[in-house]
Each structure stands twice: as C-alpha cells, then as structure tokens.
Amino acid sequence: MSLVPLMILPLLGAIGVAVFPGRRAKWIALGVSTATFLYSVVLAMAFDHWHDGGFAFASDPPVGWLDEFGITLNMGADSVSMFLVLLTTLLMPLCIWGSFTAIRERIKEYFAWMLGIEAAMIGVFIARDLIFFYVCFEFTLIPMYFLIAIWGSTNRAKACIKFFLFTFTGSMVALAGFLYIAWQHAALPGGEWTFDIARLTTFAATGLSATEQAWVLLALMTGFAVKVPLFPVHTWLPLAHTEAPTAGSVILAAVLLKLGTYGLFRFVLPMVPEAVVEYAPVIAVISIIGILYAGLICWVQEDIKRLIAYSSVSHLGFCVLGLFALNPLGVQGSVLYMINHGLSTGALFFLVGMIYERYHTREMSKLGGLAKRMPVWAFFMVFFVLASVGLPGLNGFISEFLCLIGAFTASADNAAYPGVLGPWYAAAAALGMIIAAMYLLIMTGKVVFGPLKEPAATNNSHGAKLPADLTFREIGVLVPLAVLCLYIGFQPKPLTDALEGPITQVLAVYPETVRQHLAENAPAIDELDRVILTMTETDSDRNKGADDG
Amino acid sequence: MADKLWFLIPEIWLFVGVVVVSVMGLSRRKMFRDLLPLVVCVFLVGAFIITPLLYSEQRISAAGLLMPMLGKYVKMLVCAIGVILTMLSVGLIDRDLEASMSAGRTRFDPIRVNRGEYFSFFMLSIIGVMLVCNANDLIWLFLALELTSLPTYIMVAISRPSRKAQEAAVKYFFLGAMSAAMFLYGFALLYGATGEIELTKLRDVFAAQAAAGGLNRVAIVGLILTVMGISFKMAVVPMHFYAADVYEGAASPVTAFLAFVPKTAGAVALILILSTVGWSGHYGNGAHGLPREILTALWIMAVLTMTLGNIGALLQRSAKRMLAYSSIAHSGYILIGLIAGPPHGLNAVLFYLLAYGVMNTAAFAVLASFERKGEEIESLADLAGLRHRYPVMAVAMALAAGSLIGFPPLLGFAGKLYLFIAGVDAGHIALIVIAGVNSAISAFYYLWLVGLPILAQSTPQSETVVARPVVWPRVAAIVTAIGVVILPLFAQSLLKASQAVTVERETTALDVTVAPDQPEQPTSP
C-alpha cells in the first residue's frame, strides 16, 4: 500500500475537471473525492500501527527532490495522521456534494480548486519531510484564496487578501525556524543537510540550547498560531469564514485550522521541549484569552456564520490548551478535538449555508422559528449545536473534557506527567464552556424556535428550486457527520486508544524536562520562602520582645 | 592564450550574427527584415549548442581563469533567456514605419530603419555578459561590463517612439557612466593596492595579505567602490535610482531585457570580484566570511535593497514601475547568496538568476503582449478582468506573480529556498528573517498581479486593451509560464549544473582554505 494515490488521485481529478466539459465537472469531482475516501478507508484497514504509534506506508525507497540538502518527498502516516487524513477525505466528498446547487458560475474552476486543496491538505498530514510539509502547508493557501475570492460574498476581496497575507507571513517565519534547525543539524561535526522530520525532531530536542529552542519556538508559533488561530492573530478568520462559500468555510474550519494544531503537535511539542516547558503558561494564557474573548464576541454576533467562525477561535483555544498541558490526557483530548471540531463545526457551516441558499441572509434578527418551516433542518441544527456545546453523549464533550482534565492535572505534583499549568487554568477555560453554551443556545433559540420569521419572498429566488426543508442531498451530507458525532460520543475509547501510541512518543521527553524545569525554578521559591520566613521570625521575635517588655 | 580563445567561440559566433543582422536589417526586401528575430534566435541557439562542447578538461585547466566553468552555465542561461527575449521584441521596432512602407506611403530608406541596429545591439549586449564570464583581468572585466551596458542605452532610446524612452535612455546613460567611473576608480585602487590586474593573481595577493594580518586598506576601499559601481547593473540600493524611470520609459520587451541581462552581468562580475577576496581566511578563529568591511557594506545593501524595493513596489500603480521595484528587491535576495559565499551561496545566486530570468520574463511577456491603440499598457488597472478575453495570458501572469512571491511549488520557491538555505548555512539568520518578511511584503503587491487578471471584473478602461498583432510575445509568456511550473521538477539537475561551475581553480600561492563547517561567525555586522 502506498500513500501516493491519496495525493495523486485528487490532483489528477483536478486536471480532469479542468479538461472535461463543465456539466460533468461536479460528478467527476464527487467521484474522485469519493474514490480518495474509499482508498483512505482501505489504507486505514491495512494500517497496522494503530496501537504502537509507529509510521506506516513510508516511501521506500525515499523519493529525492534536492539531494544536495536532503530534501525528499517522503511520506508516512501514524495514527494521528491517519485520523486527520480520514477526516479530510470524508469531508471532501461531502463538501463537493454539498455545493452542487450553491455554485452557479465558474463551476469547473471551483471543483478543480476543491480537489487541489484536498491534495494539499492530505500532503500536509502525510509529509515526512519538512520542506515537503511546508510546500503543502503553503499550497493550501492558493485554492482557498481563489475559493474565497471568486465564490465568496460581498466583502471577499478584503477577506482573501487578509487571509493570504496573515498566513503567508506567519509561515515565512516558521520556514526560517525550520531552516535554522536543519542548519544546526548540518553544522554538527559530520552532520549533513536533511529535512527528514524524524531525524530533525530527535536532533532538535537534544541538540539545541534553551535559548535557541526559545527562538525556534517563537518562529514556529508565529507560523502555526496564525493558522490555528490564537488570540492576537485571529482577526483574519472571522472575515475569511464569513466571506467564503459554504464548502470553503467547512474546509477552513474542519481541516485548514487543524493544520496549525497539527503543526504544534508534530513539530513544536517534540522539537523544542525545553522552550515549551518554559513558555507553556504563556501560551496557555493566550489560548484562554482566546477562549473567553472569542466567546464573548460570539455572544454579540448578529450574523450566524460569523458567530460560528468566532466559536472556532474559542474552541481551538481548548485544543491548544490541551496540547500544552503536556500530559497524555490533555494531548489526547486535543487531537480528538481536532477531529470533533471538524465534524461538528463543519456540519454547522453546512447548516448555515443551507439557510443562506434559501433566504440569502444570515442575520439572526431576520430569521426565527425555522423549526416550523424546516423540521429536519432544525433537528440537525440542534443536534450539531449540542455536539459543539459539549453535551455528554456527543463527540464534543469527551474532547473538551479531556483537554480541561489535562490542564487541571498539569500541575507540579502530578507524579507521572508533571506539568506547568494547573487547576486555575482549567477553571478559567471552563468558563469558556459556559459562555459557549450561552451563545450557541441563544442563537439556536432565536433561529430555530419561537415565532416564525423569514425574509419575504426570497426563498428560491436563486433559481435553485430548493424545497422548504432539506433535500435528500442535503440530508445525505449531514447524516454521515451526525452518525460519527454520535459514535465518537459514545465510543471514544477506540480513538483514544489509537492516539495513545504517538502521543506517548511525543510526550516521552516531557516528564523529565518538566521536573528539571521545576527543580531549576524551585530554589528561587525557596529563597523567597526563606526571606518571608526570616521576616516573620523577626516579626515574631520583635513581638515576643514587645510581649516581654 | 590560445586555450582561452576556445572559450570565445560562442562570442565570435554571435558577433558574426551581429554583422549578419545589421546588414540584413538594411535590406530592401521586407521579408528579410521580418526574418531578423529568427536569425537572432538561430545564432543564439547555435551559441547555446556550441558552448557546452567547448568545455573539455584540458582546455579548462589551460585557460587560467578564476572560475573556468562559470561561462558554461551563464552563457547557456543568457542564450536560452535571450531566445525568449527575442520573441518579445518581434514587431516592436519600426512598427509605424513598416506599416506605412507596406501601405506605400513612404519609400524604403536605409537611414530610417532601426530594426537591424536594435537586434545587433541586443546581441552585443548578450555577448557582453558572455565575455564577463571569461574575464580574467580587470580591464577585460571593465570592457565586458561596458559592452553589456552601452547597447542597452541605445535599445532603450529606440525601443519606442516616445519622449519617455529618450528621457529614460539619457538618464540611464549618465547614471551608467557614473557607475562605470565608480568601479573603474575601484579597479584603479585595486591595482594600486596589489600591483596586479589579473583576477587569479589578485586572489593570490589577497590571500597573502589576509594571511599576513588583513587586507590592505586601499584594497578594501577599492573593493567597496567596485562593488557599488557594479551593483548599478543589478539595480542595488543605493545605485537603484534609475531603475523605476528607465524601466517605465523603455518598451516592455526592452524592460524585460534590462531586468535580466545587465543584472546577470552584474551578478557574475560580483561573483568574480568577491571570489578574488574569498570567503575564508579573514578571521583568525577559523570562521569564514567576507572581510568585515565588505560584509557590512553588502549586508546593509542587501537589507536596504530588499526592503526599499518591496516598499517601493507596494506604492506603485503602474505595472511596469511595480515590476521595476520588484526587480530591485530580487537583487537584494541575490545579494544574500553573494554574502553567503561558498559552498552554497554562489550556486544559489546562479540558480536564482535562472529562476528570476524565467519568471520575471514571463511577467513582462504578458505585459508586452498587450496594447491599447498601439500604445503599450502600463497601469495595473489595464489588467483587470483579463481572464474574460485572454484566459491563458491571465493564468500566465498569475503563475509568474506566484513564482515571484516565491510560492511553493513554483520555480521561484526553489530559487528562494536555495538562497535562504545558503544564507542560513553561512550563519546569516537575521538576514534570512528579513528576507522572509520581505517575501511576505512582496506578496501584497504580487497578489494584484494574480487578482486583477483572474478575479477582477473588466472595466471600460481595461476592455480597450487588446493583444498585439504579433503572436510571439504571447508564445514567450506561455513558454515561460510553463517553465515556472515544470522546471522545479528538474531543480535537482539544474542545481547540479549551477554547482559544477563555481569551482575555483586551485590556488597557486599559499593555501588559505579554512574548514567551512564552523557555526560561529558574525551573523550581522
């Protein structure tokens, strides 16, 4: 088995769509993406490292590109990659199927870009070479840029440029960080240029000094934090989400944001452990600010799509918090969160898109009581909102809970995996869960229930001839996502078990590093304690003296 | 000496071409005059084929050049890009005159036709670049550089019948003369400091001086003046002032020529000059790098060139001026490779010249393919909605711009990656971060070149833009755009080709090579 077809199929599909007549484009795209999905399922069945965290399907022999610098096109997948690849390949046919009626112009280009972005996203998850990873990581920008710029709504020009520039700037800095690691590796006595992820990871974790690690952490965080997005650099996301076509938003939320957290998981955690331990509290605080701040912004949104976009910022804060808890619970929760957020938020964007196709508005004030008009839609809306809020029994709960437990137990006195966060971090983040419940339920209450309110005479003005409630096609798009949400909600065990292997490997260095870090910082606390102690002693002495006197 | 002559065969062959072309341009028969570009291409392709055949081991060792293999790569490069540039120039010169002659309004007058002269100068300038590679003494280097530049002044002036072109030519000429004076003065100082004019001997003297405690002060001043003067050819800050006006004033095909041919000559000349000093032996602790003064100068120039070039481009509304500033910025990236030096820097420069030649020519080729009422288009707004009428050209422009950004997986990315790796390898992390930020800034304005043709709607203004009657500029645009996509797949072999050529001949005097893998070295001045 080989991973190559996962990228080649969509690429060939994109060319096929561009070549064949426009009427067939959507069917070719749907066929190709479904084939890719089926192939990835077959790969998942053949995958035999579900429990040990090893890499399968490695390119053998390595495929060189620039041998001079050891740049290759090597691929390989561990269970984290497998899950994210499955998420991508599952969502793509749904996105393509879901946009059959919404896209009315430049159809061929649209489906070609959809397949192009699929190839790039899969490439990110299966790359085993830094430069190959970077190429795919960057290339996802191009299709997204065009998806927003051509098929977006009114403010699209600003949105696509902002999206492009933010992400491109960030990843240029991340590239500098990667080059620095590779250079340090090459500068070793007898070292050579390589961009092999496994080799560089092993090297960076031990070969770089604490200061170097801090700089590399800064560089990589600049790249990935923009993509996640974390608090101060999140401003491109609401705009891009709101302006993108439905399928674009789904891809953006479900997979593209995960490229950032995947980068944190794959590179930042294992490559620069010392710096991570040093700065984990800072990053955790930033994520918590993001959780709360974005949550509060959601509360006052009038535009449903923008609300869900901001909720992504808030939710991914949990994801990052879980990663920097530096214990298996937190990281498991975080990786699971990547998948769950993809399913539930992806579905929410689909649902908003379906409303927009019918009413051409996303304003909460203009919509209301849609449960009366569209009972099936309302059912799914409530279902996915609950999944997103974190109702126990649905998928969101388990991952959010794990992230919080991870952060909660990431204190110095945790025996197996001491951490640098602690209950306070978890408590602050948990506030975000409450806020999330409020804004999502308020939105649901306004739009789904209450007296019926719909913009007059806009239904079907698009010429799409859509019935009042969902069509078979639209239900077909939502059902797989709903089934998965339910399944993961009840049976997270197989997933968490499968994630254990790679996560243990990533975290292997941490207990020791954290202990060292704590030990180094402990004397300072002792010093302070002693000063306080002497002060109190002097005080008590003085008091004693006073008493005596 | 006779061995050196072998390497001049491509130049001699092209010089025959110059004579043929200038005579053919005076022919009464319109057919002959129209065949001129084809003849130019034939000679260029001939030179392209001859060049690699000449480089045998025995001749290389007998030639006594500093970098004997340099010519092989550079000559083939300029010939290949030269063919593309010739395509751009088809139908450019004497357009109105030819039209009125075929309409019978004017009679043929050998005084008034310029096409032959134009293509002769075109080839002479290319011969100049080729001679730069063969240079082994300062006089030769000076003559070769001037042979590259002098024809371009005239090409700018006759490229289109407008005052702007003449103004541009005059500006270019005077500033060019100033820069020539500058590096000639630098050469004089170098001679004064070393008593040598041959590059190989200069290198030996410098090596001896470095080993004895540092370069002569006069030599340092001479080197900096030389570098500054030559950097005029590359449009490096602070010698960049002419670029925007001259590039705007000249017709697009000539602008494409100016952005590539003199720049290549400058980069190759700098490679040679800096190689005489060498990137090793200047620091006692075994670290390598240029002498500190020259490093500082080049470092500041690189940062300023990248930054001012990109910021300048950001402010433009004219596509040509924007590309002019962007070409300044690209010179800044090239300087990174020169600062880094061996083992990767010089190869990265040569590889980047190839990438830049292809992608920049692609962008100019698209501009050169269009006109409005016989006037070439200049403003960015003219490109709006190009896709509606010329979808292929719009895609070509988008590909060229994407590659100029350095976007993976296009050719520009491979070039930039190589330069960045070379820079990091030499320890210039700060420089690479600045270059990375600059790439991000450049994305700002290159995105217009992607967005306007492909995404924007046509405007009444842009709808009056039509393709030029000749098809060749469009062919050139398509060929180079395909190159931008395809060439990265062959990056490996192209890299190998560029690596083979910067091998220096063994030093004859004391050996000054220092172990190259020392990480401790100045990252900034």
- Flag for A:Trp183 being among the aromatic types (Phe, Trp, Tyr), outside any helix (DSSP H, G or I) and either within 9 Å of chain B (Cβ to nearest Cβ) or touching a His at 6+ places or on another chain (Cβ under 8 Å) (or both): no
- Message: Suppose we filter A:Gly290, A:Gly295, A:Gly260, A:Gly223 for residues that are surrounded by 23 or more Cβ atoms within 10 Å (Cβ to Cβ), in contact with a Leu (Cβ under 6 Å, 6 or more places away or on another chain) and of a type outside the set (A, V, I, L, M); which single one remains?
- Response: A:Gly290
- Message: If I go through region B:1-45 residue by residue, how many of them are open to solvent by less than 70 Å² (accessible area, probe 1.4 Å), touching a Phe, Trp or Tyr at 6+ places or on another chain (Cβ under 9 Å) and farther than 15 Å from B:Phe119 by Cβ?
- Response: 2
- Message: surrounded by fewer than 18 Cβ atoms within 10 Å (Cβ to Cβ), of a type outside the set (Asp, Glu), under 23 Å from the mean Cα position of the chain (by Cα) and closer than 24 Å to B:Gly345 by Cα: which single residue out of B:Gln499, B:Gln492 fits that description?
- Response: B:Gln492
- Query: Of all residues in region B:418-434 being surrounded by fewer than 24 Cβ atoms within 10 Å (Cβ to Cβ) and farther than 17 Å from B:Ala329 by Cβ, which is nearest to the other protein chains (Cβ to nearest Cβ)?
  - Reply: B:Ile429
- Within region B:435-450, work out how many residues are within 7 Å of chain A (Cβ to nearest Cβ), buried (at least 24 other Cβ atoms within 10 Å of the Cβ) and farther than 22 Å from B:Gly345 by Cβ. 1
- Task: With the checklist (1) open to solvent by 20 Å² or more (accessible area, probe 1.4 Å); (2) part of a loop (DSSP other than H, G, I, E, B) in hand, flag the one item A:Pro229 doesn't pass.
- Result: (1)
- Kindly indicate whether B:Asp425 is modelled with pLDDT under 90 and touching a His at 6+ places or on another chain (Cβ under 6 Å). yes
- Item | Filter result for A:Ala210 (in contact with a helix residue (DSSP H, G or I) (Cβ under 7 Å, 6 or more places away or on another chain), modelled with pLDDT under 90 and either away from every other protein chain (no Cβ under 12 Å) or under 12 Å from A:Leu130 (Cα atoms) (or both)) | yes
- Does region A:169-177 include one or more residues that are more than 25 Å from the chain's Cα centre (by Cα) and either at pLDDT 90 or above or within 12 Å of chain B (Cβ to nearest Cβ) (or both)? no
- 3 or more residues at pLDDT 90 or above and buried (at least 24 other Cβ atoms within 10 Å of the Cβ): qualifying helices (runs of 4 or more DSSP H) within region A:322-410: A:328-359, A:375-389, A:395-409
- Message: Criterion first (hydroxyl-bearing (Ser, Thr, Tyr), at negative phi, loosely packed, with under 15 Cβ neighbours inside 10 Å and touching a Ser or Thr at 6+ places or on another chain (Cβ under 8 Å)) does B:Ser61 satisfy it?
- Response: no
- Can you pull out the residues in region B:174-220 that are open to solvent by 50 Å² or more (accessible area, probe 1.4 Å) and not in a helix (DSSP H, G or I)? B:Glu196, B:Ile197, B:Glu198, B:Ala212, B:Gly213, B:Asn216
- Query: Tell me, which residue of region A:147-168 that is within 8 Å of chain B (Cβ to nearest Cβ) and in contact with a Leu (Cβ under 7 Å, 6 or more places away or on another chain) is nearest to A:Glu109 (Cα to Cα)?
  - Reply: A:Ile150
- How many residues, within region A:42-83, are in a loop (DSSP other than H, G, I, E, B), within 14 Å of another protein chain (Cβ to nearest Cβ), at pLDDT 80 or above and on the phi < 0 side of the Ramachandran plot? 1
- Which one of these does B:Val479 not meet: (1) at the interface with another protein chain (Cβ under 8 Å from one of its Cβ atoms); (2) open to solvent by 10 Å² or more (accessible area, probe 1.4 Å); (3) at pLDDT 90 or above? (1)
- Kindly check whether there is at least one residue in region B:394-402 that is modelled with pLDDT under 90, in contact with a helix residue (DSSP H, G or I) (Cβ under 9 Å, 6 or more places away or on another chain), open to solvent by 10 Å² or more (accessible area, probe 1.4 Å) and within 10 Å of chain A (Cβ to nearest Cβ). no
- Query: Among the residues of region A:492-538, how many are modelled with pLDDT of 85 or more, part of a helix (DSSP H, G or I) and over 22 Å from A:Val276 (Cβ atoms)?
  - Reply: 6
- Query: Can you name the helices (runs of 4 or more DSSP H) wholly within region B:25-109 that have at least 1 residues being within 30 Å of B:Asn136 (Cα to Cα) and under 21 Å from the mean Cα position of the chain (by Cα)?
  - Reply: B:36-54, B:70-89
- Query: Taking the stated definitions as given, is A:Leu11 free of Cβ contacts under 8 Å to residues at least 12 places away in the same chain and among the aliphatic types (A, V, I, L, M)?
  - Reply: no
- Item | In region B:69-105, the residues that are open to solvent by 30 Å² or more (accessible area, probe 1.4 Å) and at positive phi | B:Gly104
- Query: Is region A:8-20 home to any residue that is within 14 Å of another protein chain (Cβ to nearest Cβ), in a strand (DSSP E or B) and surrounded by fewer than 16 Cβ atoms within 10 Å (Cβ to Cβ)?
  - Reply: no
- Item | Search result, residues across region A:166-206 that are surrounded by fewer than 18 Cβ atoms within 10 Å (Cβ to Cβ) and in contact (Cβ under 8 Å) with a residue 12 or more places away in the chain | A:Leu188, A:Glu192, A:Ala198, A:Arg199
- Message: So B:Glu463 passes all but one of these: (1) more than 9 Å from every other protein chain (Cβ to nearest Cβ); (2) over 20 Å from B:Gly402 (Cα atoms); (3) in contact with a strand residue (DSSP E or B) (Cβ under 7 Å, 6 or more places away or on another chain). Which condition number does it fail?
- Response: (3)
- Query: So which of B:Leu323, B:Leu315 is open to solvent by less than 10 Å² (accessible area, probe 1.4 Å), modelled with pLDDT under 95 and not small (Gly, Ala, Ser)?
  - Reply: B:Leu323
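The values are calculated or read from the model by the stated rules, or taken from the named source; none is laboratory data. Since the structure is predicted, the reported quantities are computational estimates derived from the model, not experimental observations. Reconstructed Cβ throughout: ideal geometry from the backbone, glycine too, with neighbour counts over all protein chains shown. Note: areas computed on protein heavy atoms with side chains; ligands, DNA, RNA excluded. Shrake-Rupley method; radii C 1.70, N 1.55, O 1.52, S 1.80 Å.
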